[in-house]
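Asks: First the structure, which I've put down as structure tokens, then a few questions once you've had a look.
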Amino acid sequence: VLESAGYGMPQKMEFSGANLLVDVSAKLDHADLMIDFHPFRNAFRLSAGLGIFAGNQIKINAAFMDSTQFGEITFTPNDIGSIGLNWVLNTANPYLGFGFGRPAPKRRIGLGMDLGAFYMGPPKPEILATGMVKRTSEQSTLLQENLKNYQWLPVMSLRLAVALF
């Protein structure tokens, strides 16, 4: 399976009466190499494999668009700065799962379902910050520590197979 998706979304939002520009971009490409084992000689299978997530990353950045007043003090967008997150995914990730259904149907139409998970390892997102919020970037280690138990990427897929001949 080879999949490719790039996504970008600059979006204006409001926060405490001030306009924010939030930019989210994601590059999520992957290819899978799987081996199926049919222990009961029927449509049930156990799967193991490797997912290649080459160059995948998620970026989020938020910055005020206008000057903002806190109390009697006015701050420009450059004074406040921006805050963001950069998360690069591991390149090679093992997969374990099970499924039902045959790759080639016995009749004209077949259905299949797979449930499994990629082991991604502990997430390592990095906080990026500038201006007055720059010290927030020092919290990257704490964020990684808080996310260390989220190491599996669950996967569920449904398949419709049609025999042409």
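Asks: Among P77, A43, S67, pick out the residue whose Cα is farthest towards the positive end of the charge dipole of the chain, where Lys and Arg carry +1 and Asp and Glu carry -1 on C-beta, about the Cα centre.
Replies: Positive-end residue among those listed: A43.
Asks: Shifting gears a bit: Place +1 on the Cβ of every Lys and Arg and -1 on the Cβ of every Asp and Glu in the stretch 15-165, take the dipole about the Cα centre, and give the residue among S16, P123, G99 whose Cα lies farthest towards its positive end.
Replies: G99
Asks: Related question: In the stretch 27-128, carbon and sulfur make up what percent of the accessible area (probe 1.4 Å)?
Replies: So the carbon and sulfur contribution to the accessible surface is 65 percent.
Asks: Which one, M34, T141, V155, projects farthest toward the positive side of the charge dipole computed for the chain from Cβ point charges (K/R +1, D/E -1)?
Replies: Checking the options against the dipole of the chain, the answer is M34.
Asks: Could you work out the relative contact order of the stretch 66-125, using alpha carbon pairs under 8 angstrom and six or more residues apart, expressed as a whole percent?
Replies: Relative contact order for the stretch 66-125 comes out at 31 percent.
Asks: So which lysines can K148 reach, going by Cα to Cα under 16 Å and dropping same-chain residues fewer than 8 places off?
Replies: K124
Asks: Oh, and also: Tell me, what are the semi-axes, in whole angstrom and largest first, of the equivalent ellipsoid of the stretch 68-165 as set by the roots of 5 times the Cα gyration tensor eigenvalues?
Replies: Sorted largest first and rounded, they come to 48, 18, 10 Å.
Asks: With a cut-off of 8 Å between alpha carbons and a minimum separation of six or more residues, what is the relative contact order of the chain in percent?
Replies: 19
Asks: About the Cα centre of the stretch 57-113, what is the dipole size in debye to 20, counting +1 per Lys and Arg Cβ and -1 per Asp and Glu Cβ, all else neutral?
Replies: Working: 5 positive and 3 negative charges, 233 e Å.
Charge dipole, the stretch 57-113, about its Cα centre: 1120 debye, nearest 20.
Asks: Give me the net charge of V88's neighbourhood, meaning all other residues with Cβ under 15 Å from the Cβ of V88; Lys, Arg count +1, Asp, Glu -1.
Replies: Cβ neighbours under 15 Å give a net charge of +1.
Asks: Next question, about the same structure. How big is the dipole moment of the chain about its Cα centre under a simple scheme where the beta carbon of each Lys and Arg is +1, that of each Asp and Glu is -1, and everything else is neutral? Debye, nearest 20, please.
Replies: On the way: 14 positive and 13 negative charges, 232 e Å.
The dipole magnitude comes to about 1120 debye.
Asks: Which trypsin sites (Lys or Arg not before Pro) in the stretch 133-165 sit in a loop by DSSP (not H, G, I, E or B) and have at most 16 other Cβ atoms within 10 Å of their own Cβ?
Replies: Loop-located and lightly packed - K148.
Asks: With r as the distance between the Cβ atoms of Y119 and F40 and R0 = 22 Å, compute the FRET efficiency 1/(1 + (r/R0)^6) and round to 0.05.
Replies: 0.30
Asks: Another question, if that's okay. Tell me the per residue accessible area of the stretch 38-138 using a 1.4 Å probe; a whole number in Å² is fine.
Replies: Roughly 61 Å² per residue, with all protein chains present.
Asks: Quick one, what does Rg over Rh come out to for the chain if you take C-alpha atoms and the Kirkwood Rh?
Replies: Computed over Cα atoms, the ratio is 1.16.
The values are calculated or read from the model by the stated rules, or taken from the named source; none is laboratory data. Please read all numbers here as calculations on a predicted model, not as lab measurements. With ideal geometry, Cβ positions are generated from the backbone for all residues, glycine too; neighbour counts draw on all protein chains shown. When the accessible area is computed, the model is the full protein with side chains, heavy atoms only, and any ligands, DNA or RNA have been set aside. Shrake-Rupley method; radii C 1.70, N 1.55, O 1.52, S 1.80 Å.
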